[in-house]
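The values are calculated or read from the model by the stated rules, or taken from the named source; none is laboratory data. The shown structure was predicted, so the numbers you read here are calculated from the model rather than taken from an experiment. All Cβ positions, even for glycine, are placed from backbone atoms using ideal geometry, and neighbour counts span all protein chains on display.
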Amino acid sequence: MANKGNITSLFGKSPISPLQQHMKKVHSCIKEFGVFAKAANAEDWEKAQVAQISIAQKEHKADKLKKKLRMNLPSTFMMPFSRRDLLDVLLIQDSIANITKDLAGLMMTRHMVFPKEFAEDFINLTGLCIKTSAAALVAINELDELLETAFSSRERKIVDQMIKKINELEHDTDIAQSKIREKLFALESNLAPVDVMFYYRAIEWLGETADAAQKVGSRFEVMLTK
Amino acid sequence: MEIIANYGNVLIILAIIFGTFMAWGIGANDVANAMGTSVGSGAVTIKQAIIIAVIFEFAGAILAGGEVTATIRKGILDAALFTNEPHLLVYGMLASLLAAGMWLLIASSFGWPVSTTHSIVGAIVGFGAVGVGVDAVAWSKVFKIVISWVASPILAGVISFILFRSLQNLIIDTKHPFDNAKKYVPYYMFLVGFIVSLVTIFKGLKHVGVSFDTFTSYSLSIGVGLLVAIIGTFLIRNIHLDPDENKDFYYASMERVFGVLMIITAAAMAFAHGSNDVANAIGPLAAIYSVVESGGLIGAKSTLPIWILLVGGAGIVIGLITYGHKVIATIGTGITQLTPSRGFAATLAAAATVVIASGTGIPVSTTQVLVGAVLGVGIARGMAALDTRVINKIFLSWIVTLPAGAFMSILFFFALKGVFGA
């Protein structure tokens, strides 16, 4: 008489913790890029290689988490937020890991070393991007509390502050990025054109991780308003 | 008349066996659903749940089970039509017990959603309409019952929505949720005790031969409510704010206060379930007993003997002890996303709805009422993910279980007629 009963089948698997785990994995990916960037800057390619492989593995794990969450989210689920918004947040989170992996791959294959005029700025920008992603992770981690209060205004205000913080950090990365571009522009004529092209691309991609983190925040906000 | 005189004892013994079997099935299976939200919220351990269930299912069955038993026993069929052939009523009720029991076994083994209430009502209507005649069924009463199957989960959902919103405004969404929980939870405890005892005193106790006037009833209910609140206050007195546990999750301490409330609510739920579902097993038994005991007189003014309620209560408890504890464990561990605050809102709403139904004499499906109550919390944005496929399953169980119960009881009815003679 093993009756599963209606009651158990009513409860679906909560997507909240999987979404948080995914963001955590994504963040560990970009954090590892900090290690990679420093090693590359020091031209320690062995260490860089280890970090790059680790980034790729982490991105792969994040991808798996993403797929798993998607598979466990039938359209019949009644959730306190729209399924569409949740999937959007997930996709944007995932893009941070994707961009990071591509960037590390690009720098590794080209053994990219930035001219010393702005090498330090690039490391700083990396740090800022990691911070932006960390801020997004903090916001996503607030989802348990949001659910507990049934998305009440008090808790939403706390999250609004967190999202504001992400936006500020992203703005900082924009400023840092344009500074590097200015320096690169001044050096352009003395550098190999192909290198210059890829320097611009690396800076752009790194900046995109912060953009994505910001988008995580704004999508998350939409998700909460339902 | 002859048949009853000759086979009376055999028929009663058969009825007791089948009735006990049904009650056993309810204890083994249904109780787990009733206790599921309490165990799943983590506030009540499996052991506690079983102890609570044993005591309060039994109490609910004895103290408040009379009204629904009366409906199953003589409300669904027009007893007057059996005056000349009382043995047909006996066959039919036996057949219904057998059919509902068999159907529960078959459906459970396939993992189909099934409701004891629906199978027994389907079975009684089935043998009445086909075995005796369409006029034998009190269709207006049946219609009322069917409407209540749709209405009861909705009512539970509305109540749980309101309850949860009140928790949100008074306790959860405040600056000091823990302090407010300690402040307001006793009032909710009062509410639990008051509602359950009011319905029981007004509607249930008269079947045990006790009755009070309105004023005494209200006073007693308020007294019980206060008593529950005092016991509860005493229990939550020792819960202290633990900043450590709130680091990861700000509401951890508050939820522990709700945990105590949940234990009381689980008791109310077990009581409500006992009061409503025991009738499915013993209603037919009571009908058979009254016919045989009066020597074939239909509608004899016999009251419900307490021993029949005892048989039902005992059957449920045996079911719980022999098998139900396993199902409670399975269901309890299967539900992970309920926190005590949610568990409380949903379970109290369901218990109140079921107890009110019991008082009105309407057999409802406790599981479906609980589903409605949990969905109510979900609509208030209090649940992470509820699978609405369950609603389809409920519709399916209405559509499948009624005819299945009816079909089998018709079969058994004619078989019994063949064995004992028309």
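Taking segment B:391-416 as the region of interest, how many residues are modelled with pLDDT under 90, of a type outside the set (S, T, N, Q) and crowded, with 16+ Cβ neighbours inside 10 Å? Explain how you work it out, then say what you get.
Step one: of segment B:391-416, the residues modelled with pLDDT under 90 are B:391-402.
Now restrict to residues that are of a type outside the set (S, T, N, Q): B:391, B:393-396, B:398-400, B:402.
Now restrict to residues that are crowded, with 16+ Cβ neighbours inside 10 Å: B:391, B:393-394, B:398, B:400, B:402.
Total meeting the criteria: 6.
Among the residues of segment B:124-164, which ones are outside any helix (DSSP H, G or I) and under 21 Å from B:ILE399 (Cβ atoms)?
The answer is B:VAL137, and nothing else.
Name the residue, out of A:PRO74, A:PRO18, A:PRO80, that is in a helix (DSSP H, G or I), within 14 Å of chain B (Cβ to nearest Cβ), in contact (Cβ under 8 Å) with a residue 24 or more places away in the chain and within 28 Å of A:PHE151 (Cβ to Cβ).
On the way: A:PRO74 fails: in a helix (DSSP H, G or I); A:PRO80 fails: in a helix (DSSP H, G or I).
Exactly one residue qualifies, and that residue is A:PRO18.
So which of A:ALA42, A:ALA37 ends up being more than 14 Å from chain B (Cβ to nearest Cβ) and buried (at least 16 other Cβ atoms within 10 Å of the Cβ)?
That would be A:ALA37, the only listed residue that is more than 14 Å from chain B (Cβ to nearest Cβ) and buried (at least 16 other Cβ atoms within 10 Å of the Cβ).
Among the residues that make up segment A:132-155, is at least one of them outside any helix (DSSP H, G or I), β-branched (Val, Ile, Thr) and closer than 29 Å to B:TYR250 by Cβ? Spell out how you get there, then give the answer.
Within segment A:132-155, the first condition is being outside any helix (DSSP H, G or I), and the residues that meet it are A:142, A:149-152.
Filter once more, so that each one left must be β-branched (Val, Ile, Thr): A:149.
Narrowing further to those that are closer than 29 Å to B:TYR250 by Cβ: A:149.
Yes, some residue in segment A:132-155 is outside any helix (DSSP H, G or I), β-branched (Val, Ile, Thr) and closer than 29 Å to B:TYR250 by Cβ.
Looking at (1) in a helix (DSSP H, G or I); (2) at pLDDT below 90; (3) in contact with a Lys or Arg (Cβ under 8 Å, 6 or more places away or on another chain), which one does B:PRO113 not meet, given that it meets all the others?
(1)
Looking at the structure I just gave you, is A:HIS27 closer than 30 Å to B:VAL390 by Cβ, in contact (Cβ under 8 Å) with a residue 24 or more places away in the chain, away from chain B (no Cβ under 14 Å) and surrounded by 22 or more Cβ atoms within 10 Å (Cβ to Cβ)?
Working: closer than 30 Å to B:VAL390 by Cβ: no; in contact (Cβ under 8 Å) with a residue 24 or more places away in the chain: yes; away from chain B (no Cβ under 14 Å): yes; surrounded by 22 or more Cβ atoms within 10 Å (Cβ to Cβ): yes.
So A:HIS27 does not fit the description; no.
Could you identify the single residue in B:PHE212, B:PHE164 that is within 14 Å of chain A (Cβ to nearest Cβ), over 30 Å from B:ILE124 (Cα atoms) and not acidic (Asp, Glu)?
On the way: B:PHE212 fails: within 14 Å of chain A (Cβ to nearest Cβ).
None of the others qualify; the one that does is B:PHE164.
Would you call B:TYR289 surrounded by 15 or more Cβ atoms within 10 Å (Cβ to Cβ), of a type in the set (Ser, Thr, Tyr), over 22 Å from the mean Cα position of the chain (by Cα) and assigned to a helix (DSSP H, G or I)?
Considered against the rule, which asks whether it is surrounded by 15 or more Cβ atoms within 10 Å (Cβ to Cβ), of a type in the set (Ser, Thr, Tyr), over 22 Å from the mean Cα position of the chain (by Cα) and assigned to a helix (DSSP H, G or I), B:TYR289 comes out as yes.
Given the conditions (1) surrounded by fewer than 23 Cβ atoms within 10 Å (Cβ to Cβ); (2) under 23 Å from B:VAL44 (Cβ atoms), report the number of the one that B:LEU205 does not fulfil.
Every condition holds for B:LEU205 apart from (2).
Would segment A:123-132 turn up any residue that is within 14 Å of another protein chain (Cβ to nearest Cβ) and touching a residue at least 24 places away in the same chain (Cβ under 8 Å)?
Going through segment A:123-132, the residues within 14 Å of another protein chain (Cβ to nearest Cβ) turn out to be none.
Checked segment A:123-132: no residue is within 14 Å of another protein chain (Cβ to nearest Cβ) and touching a residue at least 24 places away in the same chain (Cβ under 8 Å).
Report the residue count in segment B:375-422 for those that are more than 14 Å from every other protein chain (Cβ to nearest Cβ) and not aromatic (Phe, Trp, Tyr). First the steps, then the outcome.
In the first step, residues of segment B:375-422 are kept if they are more than 14 Å from every other protein chain (Cβ to nearest Cβ); the result is B:399, B:402-422.
Cutting the leftovers down to not aromatic (Phe, Trp, Tyr) gives us B:399, B:402-406, B:408-411, B:415-419, B:421-422.
Adding up the residues that qualify gives 17.
What's the total number of residues in segment B:86-120 that are closer than 14 Å to B:ALA287 by Cα and out of contact with any Ser or Thr (no Cβ under 8 Å at 6 or more places or on another chain)? Spell out how you get there, then give the answer.
So the first thing to find is which residues in segment B:86-120 are closer than 14 Å to B:ALA287 by Cα, and the list is B:86-97, B:120.
Add one more test, that the residue is out of contact with any Ser or Thr (no Cβ under 8 Å at 6 or more places or on another chain), and what stays is B:86-91, B:93-94, B:97.
Qualifying residue count for the region: 9.
Among the residues of segment B:333-356, which ones are crowded, with 24+ Cβ neighbours inside 10 Å and over 19 Å from B:ILE162 (Cα atoms)?
none
For segment B:319-353, what are the residues that are within 14 Å of chain A (Cβ to nearest Cβ), part of a helix (DSSP H, G or I) and β-branched (Val, Ile, Thr)?
Residues satisfying the conditions are B:THR322, B:VAL327, B:ILE328, B:THR330, B:ILE331, B:THR333, B:THR347.
Can you run down the residue pairs with Cβ atoms below 6 Å, 6 or more apart or on separate chains, where the first is in segment B:194-206 and farther than 11 Å from B:ALA268 by Cβ and the partner is hydrophobic (A, V, I, L, M, F, W, C) and surrounded by 24 or more Cβ atoms within 10 Å (Cβ to Cβ)?
Partner pairs satisfying both residue conditions: B:GLY204/B:ALA64.
Yes or no: segment A:144-154 includes at least one residue that is in contact (Cβ under 8 Å) with a residue 12 or more places away in the chain and away from chain B (no Cβ under 14 Å).
No, that holds for no residue.
Would you confirm whether any residue within segment B:365-373 is in contact with a Lys or Arg (Cβ under 9 Å, 6 or more places away or on another chain) and more than 10 Å from every other protein chain (Cβ to nearest Cβ)?
No, because not a single residue in segment B:365-373 is in contact with a Lys or Arg (Cβ under 9 Å, 6 or more places away or on another chain) and more than 10 Å from every other protein chain (Cβ to nearest Cβ).
Could you tell me whether any residue of segment A:107-127 is within 14 Å of the chain's Cα centre (by Cα) and crowded, with 20+ Cβ neighbours inside 10 Å? Before you say what the answer is, go through the steps one by one.
Quick first cut of segment A:107-127, residues within 14 Å of the chain's Cα centre (by Cα) only: A:126-127.
Those left that are additionally crowded, with 20+ Cβ neighbours inside 10 Å: A:126.
Yes, segment A:107-127 contains at least one residue that is within 14 Å of the chain's Cα centre (by Cα) and crowded, with 20+ Cβ neighbours inside 10 Å.
If we scan segment A:49-68, do we find a residue that is of a type in the set (Val, Ile, Thr), more than 14 Å from chain B (Cβ to nearest Cβ), free of Cβ contacts under 8 Å to residues at least 60 places away in the same chain and touching a Lys or Arg at 6+ places or on another chain (Cβ under 8 Å)? Don't jump to the end; show me each part of the working.
The first filter runs over segment A:49-68 and keeps only residues of a type in the set (Val, Ile, Thr), leaving A:50, A:53, A:55.
Still in the list and also more than 14 Å from chain B (Cβ to nearest Cβ): A:50, A:53, A:55.
If we keep only those that are free of Cβ contacts under 8 Å to residues at least 60 places away in the same chain as well, we get A:50, A:53, A:55.
Applying the additional criterion that residues be touching a Lys or Arg at 6+ places or on another chain (Cβ under 8 Å) yields A:55.
Yes: segment A:49-68 contains one or more residues that are of a type in the set (Val, Ile, Thr), more than 14 Å from chain B (Cβ to nearest Cβ), free of Cβ contacts under 8 Å to residues at least 60 places away in the same chain and touching a Lys or Arg at 6+ places or on another chain (Cβ under 8 Å).
Return yes or no: is B:VAL121 among the β-branched types (Val, Ile, Thr), in a helix (DSSP H, G or I), more than 18 Å from B:ILE16 (Cβ to Cβ) and touching a Pro at 6+ places or on another chain (Cβ under 8 Å)? Outline the logic, then answer.
Numbers: among the β-branched types (Val, Ile, Thr): yes; in a helix (DSSP H, G or I): yes; more than 18 Å from B:ILE16 (Cβ to Cβ): yes; touching a Pro at 6+ places or on another chain (Cβ under 8 Å): yes.
Considered against the rule, which asks whether it is among the β-branched types (Val, Ile, Thr), in a helix (DSSP H, G or I), more than 18 Å from B:ILE16 (Cβ to Cβ) and touching a Pro at 6+ places or on another chain (Cβ under 8 Å), B:VAL121 comes out as yes.
Residues that are closer than 19 Å to B:LEU348 by Cα, touching a Ser or Thr at 6+ places or on another chain (Cβ under 9 Å) and more than 11 Å from chain A (Cβ to nearest Cβ): does segment B:65-75 have at least one?
Filtering segment B:65-75 down to residues closer than 19 Å to B:LEU348 by Cα leaves B:65.
Among the residues that remain, those that are also touching a Ser or Thr at 6+ places or on another chain (Cβ under 9 Å) are: B:65.
Subset that is more than 11 Å from chain A (Cβ to nearest Cβ): B:65.
The answer is yes; a qualifying residue exists.
May I ask you to say which residue of B:LEU163, B:LEU167, B:LEU227 is among the aliphatic types (A, V, I, L, M), under 27 Å from B:ASP244 (Cα atoms) and in contact (Cβ under 8 Å) with a residue 12 or more places away in the chain? Reasoning before the result, please.
Values: B:LEU163 fails: under 27 Å from B:ASP244 (Cα atoms); B:LEU227 fails: under 27 Å from B:ASP244 (Cα atoms).
Answer to the check: B:LEU167.
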